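Scroll down for the structure; my scribbles are underneath it.
The values are calculated or read from the model by the stated rules, or taken from the named source; none is laboratory data. Bear in mind the structure is a predicted one, so any value in this text is a computation, not a measurement. We place every Cβ from the backbone using ideal geometry, glycine too, and count neighbours over all the protein chains shown. Side chains included, ligands, DNA and RNA excluded: accessible areas come from the protein's heavy atoms. Shrake-Rupley method; radii C 1.70, N 1.55, O 1.52, S 1.80 Å.
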Amino acid sequence: MAKKHNSPEVLSRELQSRHIELIALGGAIGVGLFLGSATAIKSAGPAIIVNYIIAGVIIFLIMRALGELVMYKPVSGSFSTYAAEFIGDWAGFFTGWTYWFMWIVIGMAEITAIGKYVNLWFPKIDTWIPALISLVVIYLINMIAVKVFGEVEFWFAIIKVVTILVLILVGLLIIFTGFGNNGHATGFSNLWSHGGFFAQGLNGLLLSLQMVMFAFIGVELIGITAGEAKDPEKTIPKAIDSVIWRILIFYVGSLTVILAIYPWTQLQENVSPFVLTFEKVGIVGAAMIINMVVLTAALSSCNSGVFSSGRMLFNLSTLGQAPYGFQKVNHRSIPSKAITVSTLFLLIGVALNYFIPQKAFTYITSIGTVGAVWTWIIIMFAHLKYHQKVKEGKIKRSHFRMPGAPVTNWIVILFLIGVLILMAFDAGTRIALIVGPIWFIILTIGYQVVKRKKLAQ
């Protein structure tokens, strides 16, 4: 049987704490906050803030569980490796390939969106041209060095963070001083004056919960960076603890400000609340500024997609669950073959979006939705099994611990199963529950093939 490399020995550890913090932050603050937040607000009313707090607590527990596993074994494959070790070989295979595919379909959607955002400035240019140029640039960034990827992702995230902080600052001026509102301070009464804080009732709160949860997809990227983190013992715990409270401030803070300024009933789903707020204080070209930020967010997401899908393919290869060639690295310690193949799949995705009906493309991308929930459940379950081994004295427990385990593990797992059930009640996400099982049937067949090949060897 072919010799397998150990991922921490072949990938270079060049990602600093600031890189990892901003990679996770950038992964969680996506296009959805800038463009799609109005849809979630329409579903739940001002109570959407409660959902973001609940989702933030759940994500915090998932990240602490992942952090404890990372401290036990800081490898690039992260949750795929932990799934294989603590649950079974099949779980590593299913999780690795599902996470790889999740980022491929997210990347497909983002790279296609990039073409549309650029098209707002240059309407005569075909959308596929900026999409292709962006993908080539992102591919080259990922092929140079992991430190370059980290630096680019750091600055992409900074743009999003600064935009949110400016919105919160401008919003607070409107709320307390009436700046930009003819001197009339809005205060916070809009949070409860239009049908009450829970204006859409429990139904609205529940049905918007899955929208809110999916806003956090990408925060688990911290686990993927573990194999290339400089001094992971210090950088990973620091990154996890700082990212969670920052996300809560950015999401809860920005939405509270928006909902205090505007009656939630006046927000339109096709207009960004960020654009409305900046226009209110007379910022010229607010729509263009937000378009640039959204473009940056899409580029950041695609960049993370190429990075994480490449690393996951690399890790699957080291586990013997993907072709051997994918675990080879170039002279700069980059898994070049795995990155190249992942990028080619993204390229196919861009082409597919132009040649197949939109409905078919929606079916493909919906697997990404199931992939996120699957990954989070597997992290919690792998941590549960790890915790059992710690209690049995087979493994020494990490100093960075998930609070309340194993009770909190089950709370999170049941919560995530609840999110899957809620998806069935939304026409937009219901398709994921139909397409998802088809994907897992394909994986079951694939796993049997790999298993037989391993036995033969």
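Odds and ends about this structure:
- Taking only protein heavy atoms and a 1.4 Å probe, the accessible area of the chain is 69% carbon and sulfur.
- Cα-only Debye scattering, the chain: base-10 log of I(q)/I(0) at q = 0.10 Å⁻¹: -0.71
- The convex hull built on the alpha-carbon positions of the range 1-101 has an orientation-averaged projected area of 9.2 nm².
- Qualifying aspartates and glutamates (Cα of each under 15 Å from Cα of Lys147; at least 8 residues distant if same chain): Glu14, Glu21, Glu228, Asp231
- Pairs exceeding a 18 Å alpha-carbon distance, out of Lys42/Lys359; Lys73/Lys385; Lys230/Lys391; Lys73/Lys230; Lys389/Lys451; Lys238/Lys394: Lys42/Lys359; Lys230/Lys391; Lys389/Lys451; Lys238/Lys394.
- In this Cβ point-charge picture (+1 for Lys and Arg, -1 for Asp and Glu), the range 142-293 has a dipole of about 240 debye about its Cα centre.
- Diffusion coefficient, µm² s⁻¹, Stokes-Einstein with Kirkwood Rh over alpha-carbon pairs of the range 191-269 at 10 °C and 1.306 mPa s: 103
- For the range 289-350, the per residue solvent-accessible surface stands at 27 Å², with DNA, RNA and ligands left out and a 1.4 Å probe.
- Measuring nothing but how far apart in sequence close Cα pairs (under 8 Å, 6+ apart) lie, relative to its length, the range 54-150 scores a relative contact order of 13 percent.
- Compactness of the range 41-95 is given as radius of gyration and Dmax, 16.0, 45 Å, from Cα positions.
- The rule of thumb for compact globular proteins, 2.2 N^0.38 Å, goes into the C-alpha radius of gyration of the range 68-171 1.44 times.
- FRET efficiency for the pair Ser189 and Glu392, taken as 1/(1 + (r/R0)^6) with r the Cβ-Cβ distance and R0 = 56 Å, rounds to 0.50.
- Averaging 1/r across all pairs of distinct Cα atoms in the range 111-222 and inverting the result yields a Kirkwood radius of 18.6 Å.
- Debye-formula intensities of the range 336-454, expressed as log10 I(q)/I(0) at q = 0.09, 0.18, 0.19 Å⁻¹, are -0.41, -1.10, -1.13 (one equal scatterer per alpha-carbon, no solvent).
- Our coupling estimate for the range 23-39, obtained by passing each phi through the Karplus curve with A = 6.51, B = -1.76, C = 1.60 and θ = phi - 60°, is 5, 5, 5, x, x, 7, 9, x, 4, x, 5, 6, 10, x, 5, 4, 5 Hz, Gly and Pro reported as x.
- Cα point-scatterer Debye curve for the range 406-457, base-10 log of I(q)/I(0) at q = 0.16, 0.23 Å⁻¹: -0.69, -0.83
- Kirkwood hydrodynamic radius of the range 288-331, Cα pairs, Å: 12.1
- Efficiency of FRET from Cβ geometry, Val136 and Tyr363, R₀ 22 Å, rounded to 0.05: 0.20
- Computed [θ] at 222 nm, deg cm²/dmol, the chain (DSSP H ≥ 4; -39,500 (n - 2.57); rounded to nearest 500): -24500 deg cm²/dmol
- Relative compactness, the range 226-315, computed as alpha-carbon Rg over 2.2 N^0.38 Å: 1.48
- Residue order for Val390, Val70 - accessible surface, 1.4 angstrom probe, largest first: Val390, Val70
- For the range 132-282, the solvent-accessible area of protein heavy atoms averages 41 Å² per residue (probe radius 1.4 Å; ligands and nucleic acids excluded).
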